[in-house]
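The values are calculated or read from the model by the stated rules, or taken from the named source; none is laboratory data. Only a predicted model underlies this, so the values are computations on that prediction, with no experimental measurement involved. Neighbour counts are summed over all protein chains in view; Cβ atoms, including those assigned to glycine, are modelled from backbone coordinates with ideal geometry. In case anyone asks, the SASA skips ligands and DNA or RNA and just uses the protein heavy atoms, side chains included. Shrake-Rupley method; radii C 1.70, N 1.55, O 1.52, S 1.80 Å.
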Amino acid sequence: MKKYLFKISLCLFVLCSGNVGRVYAQYKVPQKPKFVPALIDSTATLSGEEFWTLKSKLERYQRQTSTEILVAIIPSLRGEEIKFLAAQW
């Protein structure tokens, strides 16, 4: 009887906990463009020279290693955790 109750409660737990782990983003990630630049500075934090220097380094690294790195400077995370937001980009 105990095994039967345990199995039922385990099944109920699994069925009911399906929505608990879902994450609803507060930051709306823009649609993916056809071309994704290596550097996005939406806050104008970098000077023109800093922007082009960093962009050139990232593109050169991509050509040499075939590893793409995206650097995105955004004004706010809007309450989102960086690890979840970064995975969406």
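Looking for something modelled with pLDDT under 80 and surrounded by 12 or more Cβ atoms within 10 Å (Cβ to Cβ) - is there at least one such residue anywhere in the stretch 12-26?
Yes: one or more hits.
Please go through the stretch 73-87 and give me each residue that is among the small types (Gly, Ala, Ser) and over 11 Å from the mean Cα position of the chain (by Cα), ordered by number.
If the condition is that a residue be among the small types (Gly, Ala, Ser) and over 11 Å from the mean Cα position of the chain (by Cα), then SER76, GLY79 are the ones that fit.
Please work out if LEU70 is of a type in the set (A, V, I, L, M) and modelled with pLDDT of 90 or more.
The answer is no for LEU70.
Give me the pairs: first residue in the stretch 62-89 and more than 14 Å from ILE40 (Cβ to Cβ), second residue open to solvent by 70 Å² or more (accessible area, probe 1.4 Å) and part of a loop (DSSP other than H, G, I, E, B), beta-carbon distance under 8 Å, and six or more apart or on different chains, which are they?
Cβ pairs passing all conditions: GLN62/GLU68; GLN62/ILE69; ARG78/GLN26; GLY79/GLN26; GLU80/GLN26; PHE84/VAL23.
Tell me, yes or no, whether the stretch 37-57 has at least one residue that is in a helix (DSSP H, G or I), modelled with pLDDT under 90 and either open to solvent by 70 Å² or more (accessible area, probe 1.4 Å) or β-branched (Val, Ile, Thr) (or both).
no
I'd like the full set of residues that are within 20 Å of LEU85 (Cβ to Cβ) and either assigned to a helix (DSSP H, G or I) or open to solvent by less than 80 Å² (accessible area, probe 1.4 Å) (or both), limited to the stretch 58-68.
Result: LEU58, single match.
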